Structure formats: structure tokens, C-alpha cells
Amino acid sequence: MLRAALTGVVARSTAIRATPAFRAAAAPLAARRFYSAGHEDESFESFTERYVKFFDGVDDLFELQRGLNNCFAYDLVPAPSVIESALRASRRVNDYATAVRIFEGVKEKVENEGQYKQYLDELAPVREELGIQTKEELNL
């Protein structure tokens with residue numbers, strides 16, 4: 001009886017291994033495609049230009065948040081021009097909370113409080129124009 005049950009398990013596992021999805025997952029690492037490839041040679045200037053252009057064209061909240069996730073996923077702190085463009089996009093799609101969260105993201109990305117203060121100082125005119133406060137200023 002036990003032998004028959006084990007034979008059924010082996011037959012099912014063999015059927016699973018034969019499916020195309022399993023074969024693709026088991027493919028050697030060299031044979032897999034990495035779709036994020038191509039940006040590793042990008043300069044900081046072209047990164048900045050790409051994201052400023054992206055945020056200038058954003059017209060809905062989902063697209064803005066997707067762009068922010070992608071932008072902040074890199075191992076660098078986005079330039080103030082990128083942050084400004086993202087702030088303007090967040091106000092354009094009428095989402096104040098995302099504008100506040102952008103500053104939270106910057107605070108997490110910088111190395112120290114002094115660098116964060118420099119970002120706040122440089123973006124002060126934009127913050128005043130758009131009426132955006134940081135989490136600390138909102139006492140949250």
C-alpha cells in the first residue's frame with residue numbers, strides 16, 4: 001500500500017518537472033534573462049535626466065509611485081532635480097502624502113542628517129511654492 005502511494009507521488013513529481021514553467025525555473029543561471037540589465041553602465045547625469053523626464057510626464061498616482069520605487073531602488077541618492085520633478089508630479093496628481101513620503105525616502109537614502117538638511121535647503125523654494133512639509137514639520 002505504501003509503495004503504491006509513493007509511486008503516485010513520484011509520478012506526480014515527474015509530471016511537474018516536465019512542465020515548461022518548471023524547466024524555465026530550473027534553467028541554468030547563464031541561460032536566464034535579466035530584464036533590468038542595461039542600466040548598470042548608466043552615468044549619474046543620464047540617470048538624473050531619465051528620471052526628471054519620467055516624472056515630468058507622470059499623469060497618475062500609480063505611475064508616480066512605480067517611478068519612485070524604481071528610482072529609489074538604485075544604490076544612489078537621486079539628484080535634487082529628480083526630487084523636485086517628483087514633488088511637482090505628486091502635486092500634479094494631487095497626492096500630498098506621496099510628496100511627504102518622497103522626503104522620507106531621501107532621509108533614508110542619505111548617509112547623515114547633514115546631507116538631508118542640504119536637500120531640504122536646496123529644495124526649500126519648491127517646498128514653499130508647492131506647500132509641502134516634511135514629516136518632522138508635520139509632527140508625525
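Bear in mind these aren't lab numbers, they're just calculated from the coordinates by the rules spelled out. Just so it is clear, the structure is predicted and the values come from calculations on it, not from any experiment. Quick reminder, even Gly has a Cβ in these numbers, built from the backbone with ideal geometry, and neighbours come from all protein chains shown.
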Highest first, please rank the peptides 107-119, 60-72 by the mean number of other Cβ atoms sitting within 10 Å of their residues. 60-72, 107-119
Percent of all Cα-Cα pairs per 5 Å bin for the stretch 51-91, counting from 0 up to the last occupied bin, reads 6, 28, 38, 22, 6, 1
